[in-house]
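Worksheet: one structure, shown below.
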Amino acid sequence: MITLRPLGGLKALVHDQKELHLEAAGCSVREALLLANIRPELVALVLVNARPVDKAHRLADGDIVQVLTVFGGG
Amino acid sequence: MNGYGGSILRVNLTEGKITRLPTPADVIRDYIGGRGFGAYFLYHEVPAHADPLGPENKLIISTGPLSGLMIPGAGKCDFSTKSPLTGGYAGSSLGGLFTAEMKYAGIDSIILEGISPKPVYLFIDDRKAELRDASEYWGKGSITVERMFKEQLGEEFQVAVIGPGGENLVSYASINHDYGREAGRGGVGAVMGSKRLKAIVLHGTQSVQVADLAGYRQAGMALFKACKDSDGLKPWQDYGTTIVTSWCDEVGALPTRNFSAGSFEGGPTLYGPVMREQIVITDKGCFGCPSPCGKYSRMKRYGSTVEGPEYETIGMLGSNLGIADIQDVAQANLLCDELGIDTISAGSAIGWAMECFEKGILTLEDTGGLELRFGNVPAVFELLQAIAKRQGLGALLSQGVKAAAKQVGKGSEKFAIHVKGMEQSAYATHNATAMLLAYMTCDVGAHHNRSWAITYDLQVGRELVVPEKVARIIWLQDFRPMFDVFGTCRLQWVELGIDRELYVPALAAVTGVQRSWEELEMVGARIWNLNRMFWIRENEGFGREWDLPAPRFYEEAPKTGVTAGQITRLEDVHKLLDMYYEQRGWSSNGIPTPATLEKLGLAELAQTL
């Protein structure tokens, strides 16, 4: 089980849930996002246990995954 | 005049005369401040067809009603002028601490006009304002001169200064402040240089009167609390604008080798987390910022430090030039800052020249012996110096890619990446129709900050050409620049997701005037149309052709990366413009109709059509 926390505007894509618990240990971040119905291309930054990783990163049981989009640009 | 400094400081550099007059109440009512003041004074005070670098052009520097107050990011200052790069309206925004001191000196706008017979700087200390000899500073770099002023006058003085680029009238010269903040776009630094004004050095101590002190405190605290509570705050502070580097690479928006592609094989070495780990020393914010996105970086290889690089600079001086080392990019950033030239336009000009060289359009004879291939870092450093000094190939590139390509010809116009003469900032728009339209119709040329829509393209379908996309762009263009009218940063709303409604009571408590977002967007539309009319007045034959993007985005699909083979067709480009003009209330040639002007309170401008 992993915990997925969409930050900022991404929460709107998961009905404003602050976190989701997913059976995604062993999955890539990209696969976990798809499980949560979040399109990976909308995610700009992924933090696993507060460390930045790319979307190919494999998740382990108990990981906390924070994902952030960029809605506005500079 | 609640929320305002209360005066306009007019500086005639030809005569050496400085006057202060009350800020006109009707301009406050109709244009509010900041970018609104800049657009108003530019249109009404600069005579038609004035030479951008001549005495008739003016440089207008404006605070907004929220500048310098207890509001998140209230450190934004607007610089407006007729652009030497485009021949149209230029409006560039500067962060840092300058605008707060300007407000505390009781000034809403500084209007610079005429040309000084010798180099001078403008010294302002509260009510005192005078022009002083600048021969000691002329010829020196902007960071060097700022440091000199701070040592000579004290840290409390804030400095806006040009470098050699501005002195030498480089068409995209910047005005620099706080060792790494720039009013970068449109050549505002060249206009300042043309007036032989090296710097503005100012300090103020006066209070700003607000209409409702308790309401102001409450509204300001509500905004700060919303920023503090945002779960996007920590990553935004850690990475700032570089959050988007990896994402742009992933979605094909990272400018690569003069925008010939949107994904860069060396991209991962430029990503935000890599930069943070390798070179960032600390974070840096502007006045009143709860979410400091600026970064100070140390380049060990060069023994130097710089504020930055921001995403735009990474895109334009990194991937766009085929450079895959963050220290090299940061060093190029430092060179641009000291020389006083815009990193975006400089990166585009050099990228264009590199493509010309690789295609044999420019030869070793043209480049002065430089092997101007993508990825050649020493050549980039040398060329940046040459641009600022307008020497050799640098003289050609100092005019911007539109003028340079016109001069060189041989098909190079097709890969000169600009709209209306302004080099496109760092989002590749192959098959991203909303963002492409945003660039095409932006009121300064191809700049991203008025409306930014790449995520929106991905959300709704990047190839779609539908009225909803056009409506989204117009809404953003009317709404987002209002932060530049208030004198605040837009990034708290943009990236922390702060509810924009929180700004309404803040503005009302400060100014005593209640305005809904509907009314504020009307002011935004008024400014947008006024600027459009400035373009029309200044450029004979202005119309649809001016809004077309670089042919690269409709004729030549990328060969590599995630957007390989993808392109927006020219007929869709025109369809976007058809819908845009219709929704704006403009003619099919992109000219505001008399009815539209009348609706926006600009009826008198219809006579000029």
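Data overview
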read-out	value
Residue that is farthest from the chain's Cα centre (by Cα), among those in region B:272-321 that are away from every other protein chain (no Cβ under 14 Å) and among the small types (G, A, S)	B:G303
Residue match in region B:560-575 (condition: among the hydroxyl-bearing types (S, T, Y) and in contact with a His (Cβ under 7 Å, 6 or more places away or on another chain))	yes
Condition check for B:Q566: more than 25 Å from the chain's Cα centre (by Cα) and under 29 Å from B:D26 (Cα atoms)	no
Region B:139-149: number of residues that are touching a strand residue (DSSP E or B) at 6+ places or on another chain (Cβ under 7 Å) and either closer than 12 Å to B:V201 by Cα or assigned to a loop (DSSP other than H, G, I, E, B) (or both)	3
Pick from region B:24-37, criterion under 22 Å from the mean Cα position of the chain (by Cα) and either within 14 Å of B:E113 (Cβ to Cβ) or not small (G, A, S) (or both), ranking: surrounded by the most Cβ atoms within 10 Å (Cβ to Cβ)	B:R35
Qualifying helices (runs of 4 or more DSSP H) (wholly inside region B:427-532; at least 2 residues being away from chain A (no Cβ under 13 Å))	B:433-441, B:467-479, B:482-486, B:503-511
Single residue of B:D212, B:D178, B:D229 found to be free of Cβ contacts under 8 Å to residues at least 60 places away in the same chain, more than 18 Å from B:K58 (Cβ to Cβ) and of a type in the set (D, E, K, R)	B:D229
Residues of region B:360-381 satisfying the condition of being of a type outside the set (V, I, T) and closer than 20 Å to B:L270 by Cα	B:R373, B:F374, B:G375, B:N376, B:P378, B:A379, B:F381
Flag if B:S291 is on the phi < 0 side of the Ramachandran plot, surrounded by 20 or more Cβ atoms within 10 Å (Cβ to Cβ) and modelled with pLDDT under 95	yes
Filtered residues of region A:35-52 (kept if over 18 Å from B:Y239 (Cα atoms) and either within 8 Å of chain B (Cβ to nearest Cβ) or surrounded by 14 or more Cβ atoms within 10 Å (Cβ to Cβ) (or both))	A:L35, A:A36, A:I38, A:R39, A:P40, A:E41
Test: residue in region B:99-115 that is surrounded by 23 or more Cβ atoms within 10 Å (Cβ to Cβ), free of Cβ contacts under 8 Å to residues at least 60 places away in the same chain and part of a helix (DSSP H, G or I)	no
Members of region B:591-609 found to be without any contact (Cβ under 8 Å) to a residue 24 or more places away in the chain, part of a helix (DSSP H, G or I) and either of a type in the set (F, W, Y) or out of contact with any Pro (no Cβ under 6 Å at 6 or more places or on another chain) (or both), listed by number	B:P594, B:A595, B:E598, B:K599, B:A603, B:E604, B:Q607
Where A:E23 falls short, out of the listed (1) free of Cβ contacts under 8 Å to residues at least 24 places away in the same chain; (2) within 13 Å of chain B (Cβ to nearest Cβ)	(2)
Strands (runs of 3 or more DSSP E) contained in region B:165-204 and holding at least 2 residues over 18 Å from the mean Cα position of the chain (by Cα)	B:197-203
Matching residues, region A:1-20, being out of contact with any helix residue (DSSP H, G or I) (no Cβ under 8 Å at 6 or more places or on another chain), at the interface with another protein chain (Cβ under 9 Å from one of its Cβ atoms) and modelled with pLDDT of 85 or more	A:R5
Members of region B:241-260 that are closer than 26 Å to B:P292 by Cα and either among the charged types (D, E, K, R) or touching a His at 6+ places or on another chain (Cβ under 9 Å) (or both)	B:D249, B:E250, B:A253
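Okay, residues lined up against (1) among the aliphatic types (A, V, I, L, M); (2) touching a residue at least 12 places away in the same chain (Cβ under 8 Å); (3) not assigned by TED's automatic domain parsing to the domain that holds B:G166:
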site: B:G375; (1), (2), (3): no, yes, yes
site: B:F381; (1), (2), (3): no, yes, yes
site: B:Q391; (1), (2), (3): no, no, yes
site: B:A405; (1), (2), (3): yes, yes, yes
site: B:A426; (1), (2), (3): yes, yes, yes
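The values are calculated or read from the model by the stated rules, or taken from the named source; none is laboratory data. Everything numeric here is computed off the predicted structure, so don't read it as measured data. Note: ideal-geometry Cβ built from the backbone for every residue, glycine included; neighbour counts use all protein chains shown.
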